[in-house]
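J.: Supplied in structure tokens, the structure appears directly below.
The values are calculated or read from the model by the stated rules, or taken from the named source; none is laboratory data. Owing to the predicted nature of the structure, the values given are computational and were not obtained by experimental measurement. Here the Cβ is made from the backbone with ideal geometry for all residues, glycine too, and neighbour counts use every protein chain on show.
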Amino acid sequence: MSMRWRLLGSFGLIILIALGTVAVVSRFTTQQEVQEFLGHGGQVGLENLADSLESYYEENGSWAGLGTLPSTARGQGQRAGGNTDTSEHILADSDGIILFSPVEDDLGKRLGDDILAQSITLTVSGQVVGYLLPEGGITALPEDFEEILIERVNRATLLGALISGSIAIVFALILAAFILKPVRGLITAANQMSQGDLSQRVKVQGKGELAILGETFNQMAESLQAGEANRRAMTADIAHELRNPLAIQRAHLEALQDGVYPLTNENLMPVLKQNYQLSRLVEDLRTLALADAGELALDTQRINLTEVCQDTMVRFEPQAKVRELELFCEYDLTQSFVKADKERLQQILDNLMQNALRYAPDGGAIVLTLKQVRNMAVITVHNNGPQIPDEVLKHLFERFYREDKARDRARGGTGLGLAIARKLAEAHGGTLSGENHPEGGVVFKLTLPTCEF
């Protein structure tokens, strides 16, 4: 069943329940009101007078102290021939003895049963307490007057319910069309996306759940489109990265095969070097794939970050000396423990240091700092090389992204180091970010949750 018919069915059910309730309540209350009105003489003024007399008796327990009959309003829809002038009415007690009368000689006399039958019976708590005889008595009504009146009122109520129901259904149709308009747009866009058109977007108007749904759809479409673009770019980058080492290997092997180069260890070294690069690229891709799938196995243990940072600086000293770079390790902690995979943690720091060495100027400096902020250990790696343009900075952790592809490839980079480092940091429950340093160069910040000693 389509959403349109579900909405219409829901609206219709609500309307039927509402109208049924109105009809039942209206019938019950109408019947009660008509019976009470007819029981009080069928005149608005007499009804009010009878109510006043019953209230007086209920409060006082008798008719004693009632000086005069309460006055009633005139012209409030009393029946033709009726009169609400209280001076012309007769009031008798429960035995029919006259208490008030326009004729003084009648006071104290008892009304006959035929006259009492034309009077309004006054009751309190179900007990008869008196009779009110209007001037000229109560005009006789047809025996089925009550049924006729109730039937007409119910007919009018039913007609009103049908009219209101029809109007409600028309508004329900309009409302359903209004609600379904953005939904139809979503359906059309989703169908187009299912056929491969990821550029589809829907127009978002107003606020509410449908607007949120439209915004969420657009965000999903943008994410899918970006993911597809990244996938294509990554496929092209992988093919490009594989092509060069393979081409070099093939050229050297063909030269060795044709006798252009003698088969020596020295001539085999370029082939082996390219094989190492291919192996490193494949291993990097495997690491990223496992991290993306959440299947990267970590051999976690309690590690002292201070020792890891010191070891890292020692291992990179030979490379730094070749380029006359100064290495500084700054920390105010003798011990800072984290729960991590030591090999993977070292891989993160190696990537950060290699990146810093790659872009630091000859004779420059690299500073590695370690500090603890509340329950987080913070490691920063800063070189004094050139700053990175903002346009490049936001792509730092993208796979295969290089500002200068030819130069990075010549230095042996695969374009995956920083992407792997961030994934490994996230796998340890930490973060990795990079930004330009106010004093020049780029600073990378690694944060990891600490653990107790």
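J.: Please find, among Gln249, Gln219, the residue that is over 30 Å from Arg280 (Cα atoms), outside any loop (DSSP other than H, G, I, E, B) and modelled with pLDDT of 85 or more. Spell out how you get there, then give the answer.
T.: Numbers: Gln249 fails: over 30 Å from Arg280 (Cα atoms).
Exactly one of Gln249, Gln219 is over 30 Å from Arg280 (Cα atoms), outside any loop (DSSP other than H, G, I, E, B) and modelled with pLDDT of 85 or more, namely Gln219.
J.: Going through Arg243, Arg280, Arg231 one at a time, which residue ends up being in contact (Cβ under 8 Å) with a residue 40 or more places away in the chain, out of contact with any Pro (no Cβ under 8 Å at 6 or more places or on another chain), assigned to a helix (DSSP H, G or I) and among the charged types (D, E, K, R)? If you could, list the steps in order and put the result at the bottom.
T.: Values: Arg243 fails: in contact (Cβ under 8 Å) with a residue 40 or more places away in the chain; Arg231 fails: in contact (Cβ under 8 Å) with a residue 40 or more places away in the chain.
Criteria check complete, one pass: Arg280.
J.: Scan region 386-415 and report the pairs whose first residue is under 21 Å from Ala365 (Cα atoms) and among the charged types (D, E, K, R) and whose second residue is surrounded by fewer than 18 Cβ atoms within 10 Å (Cβ to Cβ) and modelled with pLDDT under 75, with Cβ atoms within less than 6 Å and a gap of 6+ or a chain change.
T.: Asp408/Arg402
J.: Determine which single condition Pro182 fails, assuming it passes every other condition in (1) of a type outside the set (A, V, I, L, M); (2) closer than 28 Å to His395 by Cα; (3) surrounded by 12 or more Cβ atoms within 10 Å (Cβ to Cβ).
T.: (2)
J.: Would region 398-419 turn up any residue that is modelled with pLDDT of 85 or more, touching a helix residue (DSSP H, G or I) at 6+ places or on another chain (Cβ under 6 Å), in the same structural domain as Phe316 (by TED's automatic domain parsing) and closer than 30 Å to Gln335 by Cβ?
T.: We begin by selecting, within region 398-419, every residue modelled with pLDDT of 85 or more; these are 418-419.
Subsequent filtering for residues that are touching a helix residue (DSSP H, G or I) at 6+ places or on another chain (Cβ under 6 Å) retains none.
No.
J.: While we're looking at this one, here's another question. Please work out which residue is modelled with the lowest pLDDT, limiting yourself to region 283-310 and to residues that are among the acidic types (Asp, Glu) and assigned to a helix (DSSP H, G or I).
T.: Of the residues in region 283-310, the ones among the acidic types (Asp, Glu) are 283-284, 292, 295, 299, 307.
Checking which are assigned to a helix (DSSP H, G or I) leaves us with 283-284, 292, 307.
Values: Glu283: 86, Asp284: 83, Asp292: 79, Glu307: 91.
Once the filter is applied, the top-ranked residue is Asp292.
J.: Next up: Would you check if Pro182 is closer than 30 Å to Leu16 by Cβ, free of Cβ contacts under 8 Å to residues at least 40 places away in the same chain and not hydroxyl-bearing (Ser, Thr, Tyr)? Talk me through it step by step, then tell me what you get.
T.: Details: closer than 30 Å to Leu16 by Cβ: yes; free of Cβ contacts under 8 Å to residues at least 40 places away in the same chain: yes; not hydroxyl-bearing (Ser, Thr, Tyr): yes.
When the stated conditions are applied, Pro182 passes them.
J.: Sticking with this one: From the residues in region 316-341 that are touching a residue at least 24 places away in the same chain (Cβ under 8 Å) and part of a helix (DSSP H, G or I), which one is surrounded by the fewest Cβ atoms within 10 Å (Cβ to Cβ)?
T.: Looking only at region 316-341, we keep the residues that are touching a residue at least 24 places away in the same chain (Cβ under 8 Å), and these are 316, 319-320, 323-341.
With part of a helix (DSSP H, G or I) added as a condition, the list becomes 316, 319-320.
Details: Phe316: 20, Gln319: 13, Ala320: 19.
Of everything passing the filter in region 316-341, Gln319 is surrounded by the fewest Cβ atoms within 10 Å (Cβ to Cβ).
J.: Can you go through Val271, Val308 and tell me which one is closer than 29 Å to Tyr359 by Cα, β-branched (Val, Ile, Thr), surrounded by 13 or more Cβ atoms within 10 Å (Cβ to Cβ) and in the same structural domain as Ala427 (by TED's automatic domain parsing)? Break it down stepwise before answering.
T.: Details: Val271 fails: in the same structural domain as Ala427 (by TED's automatic domain parsing).
Sole residue among the options that is closer than 29 Å to Tyr359 by Cα, β-branched (Val, Ile, Thr), surrounded by 13 or more Cβ atoms within 10 Å (Cβ to Cβ) and in the same structural domain as Ala427 (by TED's automatic domain parsing): Val308.
J.: A further question follows. In region 133-152, how many are modelled with pLDDT of 70 or more and either among the small types (Gly, Ala, Ser) or under 23 Å from Ser62 (Cβ atoms) (or both)?
T.: 2
J.: Related question: Got a number for residues in region 302-315 being in contact with a Ser or Thr (Cβ under 9 Å, 6 or more places away or on another chain) and in contact (Cβ under 8 Å) with a residue 60 or more places away in the chain? Let's see the steps before the verdict.
T.: Initial filter on region 302-315 (in contact with a Ser or Thr (Cβ under 9 Å, 6 or more places away or on another chain)): 304-306, 309.
Of the ones still in play, those that are also in contact (Cβ under 8 Å) with a residue 60 or more places away in the chain are 305-306, 309.
Residues that pass the stated criteria total 3.
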